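The values are calculated or read from the model by the stated rules, or taken from the named source; none is laboratory data. In this text, all values refer to a predicted model and were calculated from it rather than measured experimentally. Backbone-built Cβ (ideal geometry, glycine too); neighbour counts: all protein chains shown. Quick note on the areas: whole protein, heavy atoms, side chains included, nothing else; ligands and nucleic acids left out. Shrake-Rupley method; radii C 1.70, N 1.55, O 1.52, S 1.80 Å.
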Amino acid sequence: MTSEPMQPARTVLYDWHLAQHATMAEFGGYQMPLWYPTGAKQEHRAVLTGAGLFDTSHMAVLTVAGSDARSLLQHCFTRDLRRCIGASPGPLTTGRCVYGLFLKEKGTVLDDAIISQLSEDRYMVVVNSGMGPAVSEHLGAQQGFRVEIIDYSGRLGKIDLQGPAAALVLEAVLAEPDRVLADMIYFSCKGDIDPAGGAPVLLKNGTPLLVSRTGYTGEFGFELYLAVADTVGFWEQLIAAGERFAITACGLAARDSLRTGAVLPLSHQDIGDWLFQNTPWSFVLPWDEQDGRFSKPFIGAEALLGSSEVDYTAAFAGYDPRKIPVMDNTVVLDEDGEAIGRVLTCTTDMAIDRVGERIVSMATADSAGRPPDFHPRGLSCGFIRTTRQCRSGEQVRLTDGKRSIPVEIRQDIRPDRTARRSMREMRNQ
Amino acid sequence: MKEIDELDLPGDVYYSSDHEWARKEGETVKIGISDYAQDQLGDIVFIELPDVGTVFERGEEFGTLESVKAVSEVYAPLSGEVVAVNTDLVDAPELVNEAPYENWIIELRPSDEDEYDELLSRDDYLAVLQG
């Protein structure tokens with residue numbers, strides 16, 4: 001390491017993005033595409049109507065392995081790995097994935113993560129761009145656990161293939177599509193990021209990869225991991241195989257608007273270095289249904305239960321595409337004009353609009369109320385953090401002092417998302 | 001993003017350093033944003049237009065363009081009174097991305113003819129973009 005100013009890193013697809021004339025910006029220490037000449041609006045919509053392809057190689061991937069790997073994660077992660085899968089709920093098992101948080105002792109968020117169990121004592125932990133070292137250090141600092149932590153940052157490519165046509169695109173390039181996809185449920189994975197790992201998943205050309213039925217758009221799809229050297233070739237294969245489904249390369253702007261409409265937080269923006277409480281994401285905490293306590297001890301638990309400060313995070317949607325710039329002086333005003341908080345995220349979901357009292361999406365079935373000739377203008381949406389609880393349906397205003405937009409507090413934003421649709425349905429369209 | 005040599009910079013309009021263009025049509029001047037501005041903004045999803053009859057000073061904000069990236073103000077390159085606004089843009093703001101020089105935003109009756117001569121020619125504007 002030198003003391004030179006840090007140059008933003010490049011993913012292995014950087015040259016491809018430039019060759020496609022993407023508009024680039026720095027994000028999480030990487031030079032990433034914001035959008036391609038297609039434009040963010042069409043990119044966003046492609047993920048609801050066909051398929052979108054995202055370079056997410058900036059994200060950090062760790063593995064935690066060893067006889068104490070599970071107990072270390074149980075100690076550090078907010079989900080109870082004994083009861084986090086399905087409705088029952090059952091334990092995390094090999095081939096399943098779970099979303100949760102790593103908290104600090106004081107109950108603030110270090111980062112969010114998807115943990116996938118790769119084998120009996122080996123787990124893949126995917127965290128945000130640039131967070132590999134901090135999360136490795138945090139896990140490694142816990143005393144008394146016999147584990148090996150490997151940071152794969154920079155060694156893997158990661159491609160997110162998202163949208164209702166994602167399975168049709170992927171099966172065209174997999175060596176054994178039926179074996180891999182047939183029983184693949186939401187939040188499960190197959191294959192490995194290490195060629196020495198068990199039960200490989202291979203492309204037709206023999207390239208090994210890990211296929212995970214997860215994503216960050218709220219829509220049906222996959223996160224795909226493979227060696228850096230194989231990534232550009234795989235990306236180009238997917239673009240070619242997806243041509244008949246109008247597959248569209250998508251940048252970070254579409255990723256941000258899709259995830260916001262799906263009420264998914266951006267780490268370090270919607271959750272971060274403040275107490276994690278009263279958010280739309282409290283399902284990540286291991287609540288014990290019986291007595292309102294936690295079902296296990298974990299780092300940050302005592303701070304959450306013992307806190308005296310209180311604030312609230314809520315989702316909102318507006319009435320047209322107008323956003324409010326998120327700046328220091330941007331505030332949330334209640335119906336009496338009282339300032340009650342600040343704006344965390346404000347973007348426009350370009351696939352939705354209001355039809356009467358309801359929000360309708362381009363993915364809403366016509367039988368479920370999508371009007372013929374539905375041309376959504378888009379709705380602003382995002383998250384606010386307030387000092388008092390806002391009730392669902394409450395009207396508040398967001399203002400930067402110059403512009404003021406009315407928005408509605410909501411439990412959910414973009415309806416009829418496809419993420420949980422059955423694999424059978426998505427392969428037999 | 002377009003390279004500078006890929007930008008469409010017609011010679012029949014005059015430009016401001018804020019990336020608006022102005023085109024004299026008889027007594028009035030149509031105003032829009034340059035190809036560079038629309039390319040920088042990305043997809044425009046909403047436009048706020050002023051009322052006809054409003055009077056702006058040169059350099060004053062006359063409306064906002066909402067893109068996927070940001071809310072951007074547009075500034076009057078000339079002083080004058082708004083005589084028309086392009087209401088086609090209310091339902092189809094993307095027209096500004098598709099054809100920025102056909103899809104004007106407002107039409108002004110200038111109050112000071114000399115200001116028009118102070119705008120940038122195509123070559124001067126190109127020099128501004130090249131920094």
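Could you tell me what a quarter of the Cα convex hull surface of chain A works out to, in nm² with one decimal place?
Mean projected area of the Cα convex hull: 22.2 nm².
Putting +1 on Lys and Arg Cβ atoms and -1 on Asp and Glu Cβ atoms, find which of A:L170, A:A368, A:T207 reaches farthest to the positive end of the dipole of chain A.
Value computed over the given set: A:A368.
Between the stretch B:56-123 and the stretch A:14-62, how far is it from one alpha carbon centroid to the other, in angstrom?
31
Which FRET efficiency value, to the nearest 0.05, do you get for A:A196 and B:D51 by plugging their Cβ-Cβ distance into 1/(1 + (r/R0)^6) with R0 = 51 Å?
0.15
Mind scanning A:K296/A:K323; A:K190/A:K323; A:K41/A:K402 and naming the pairs with a C-alpha gap bigger than 29 Å?
Values: A:K296/A:K323 41 Å; A:K190/A:K323 40 Å; A:K41/A:K402 26 Å.
Check vs 29 Å cut-off fails for A:K296/A:K323; A:K190/A:K323.
For the stretch B:14-27, just list the computed ³J(HN,Hα) in residue order, Karplus coefficients 6.51, -1.76 and 1.60, θ = phi - 60°, integers in Hz, with x standing in for Gly and Pro.
Result, rounded to whole Hz: 10, 10, 10, 6, 8, 6, 8, 10, 9, 9, 6, 10, x, 7.
Could you give each residue of the stretch A:110-126 its phi-based ³J(HN,Hα) in whole Hz, using Karplus coefficients 6.51, -1.76, 1.60 with θ = phi - 60°, and x for Gly or Pro?
Listing the rounded values in order: 6, 5, 9, 7, 10, 9, 10, 8, 8, 7, 4, 10, 9, 10, 9, 10, 9 Hz.
Let me spell out the model: positive unit charges on the Cβ of Lys and Arg, negative unit charges on the Cβ of Asp and Glu, origin at the Cα centre of the stretch B:4-130. What dipole size does that give, in debye rounded to 20?
The dipole of the stretch B:4-130 has a size of about 80 debye.
With a 1.4 Å probe and all protein chains kept in place, how do A:S136, B:S17 rank by accessible area, largest first?
Details: A:S136 25, B:S17 75 Å².
Listed by decreasing accessible area, they come as B:S17, A:S136.
Please name which of A:S129, A:M423, A:A65 has its Cα lying farthest along the dipole of the protein assembly as shown towards the positive end, using unit charges on Cβ (Lys, Arg +1; Asp, Glu -1) and the Cα centre as origin.
A:A65
With a 1.4 Å probe and all protein chains kept in place, how do A:R146, A:R45 rank by accessible area, largest first? Could the numbers behind the result be given before it?
Working: A:R146 170, A:R45 55 Å².
The ranking, largest first, comes out as A:R146, A:R45.
If you count, for each residue, the other Cβ atoms within 10 Å and average over each peptide, how do B:47-59, B:76-88 line up from highest to lowest?
The packing order, highest mean first, is B:76-88, B:47-59.
With +1 on each Lys and Arg Cβ and -1 on each Asp and Glu Cβ, how big is the dipole of the protein assembly as shown about its Cα centre, in debye rounded to the nearest 20? Write out the running numbers ahead of the final one.
Working: 51 positive and 87 negative charges, 689 e Å.
So the magnitude is around 3300 debye.
Within the accessible area of the stretch A:265-336, what % is carbon and sulfur when the probe is 1.4 Å and the other protein chains stay in place?
Percent of accessible area from carbon and sulfur atoms in the stretch A:265-336: 46.
Please turn the phi angles of the stretch A:237-246 into ³J(HN,Hα) values with the Karplus equation 6.51 cos²θ - 1.76 cosθ + 1.60 (θ = phi - 60°), one per residue in order, whole Hz, x for glycine and proline.
For the stretch A:237-246, the Karplus curve yields 4, 5, 4, 5, 5, x, 4, 6, 9, 6 Hz.
For chain A, what does the accessible surface come to per residue with a 1.4 Å probe? Please give it in Å².
Details: 17960 Å² over 429 residues.
In whole numbers, chain A has 42 Å² accessible per residue.
Tell me the per residue accessible area of the stretch B:4-130 using a 1.4 Å probe; a whole number in Å² is fine.
Per residue, the stretch B:4-130 has 44 Å² of solvent-accessible surface.
What accessible area, in Å² to the nearest ten, does a 1.4 Å probe give for A:K106?
The value for A:K106 is about 120 Å².
Rounded to the nearest 100 Å², what is the buried accessible area between B and A, both sides summed, probe 1.4 Å?
Looking at B and A, the buried total is near 1600 Å².
What average count of beta carbons from other chains do you get within 10 Å of the Cβ of residues in B:38-48?
5
Provide the solvent-accessible area of B:W21, counting protein heavy atoms only and rolling a 1.4 Å probe, rounded to the nearest 10 Å².
Answer for B:W21: close to 0 Å² accessible.
GNM, chain A, Cα, under 10 Å: largest mean-square fluctuation among A:T260, A:T78, A:T207?
A:T207
Taking the full set of protein chains and a 1.4 angstrom probe, give the accessible area of A:Y216 in square angstrom, rounded to the nearest 10.
Counting only protein heavy atoms, the figure is 40 Å².
So who's got an amide H within less than 5 Å of the one on A:A9, skipping anything under 5 residues away but keeping other chains? H placed 1.01 Å off N, in plane.
A:Y30, A:Q31
To the nearest 20 debye, what is the magnitude of the charge dipole of the stretch A:311-418 about its Cα centre, counting +1 on the Cβ of each Lys and Arg and -1 on the Cβ of each Asp and Glu?
In debye, rounded to 20, the stretch A:311-418 gives about 220.
Out of A:L53, A:G90, B:L65, whose Cα points farthest toward the positive end of the dipole of the protein assembly as shown (charges: +1 Lys, Arg; -1 Asp, Glu; placed on Cβ)?
Comparing the listed Cα positions along the dipole, A:G90 ranks first.
Please compute the length gained on full extension between A:A175 and A:N428, using 0.36 nm multiplied by the number of residues separating them and subtracting their Cα-Cα distance.
Between A:A175 and A:N428, full extension yields an extra 89.2 nm.
In what order, largest first, do A:S88, A:S57 sit by accessible area if the probe radius is 1.4 Å?
Correct descending sequence by accessible area is A:S88, A:S57.
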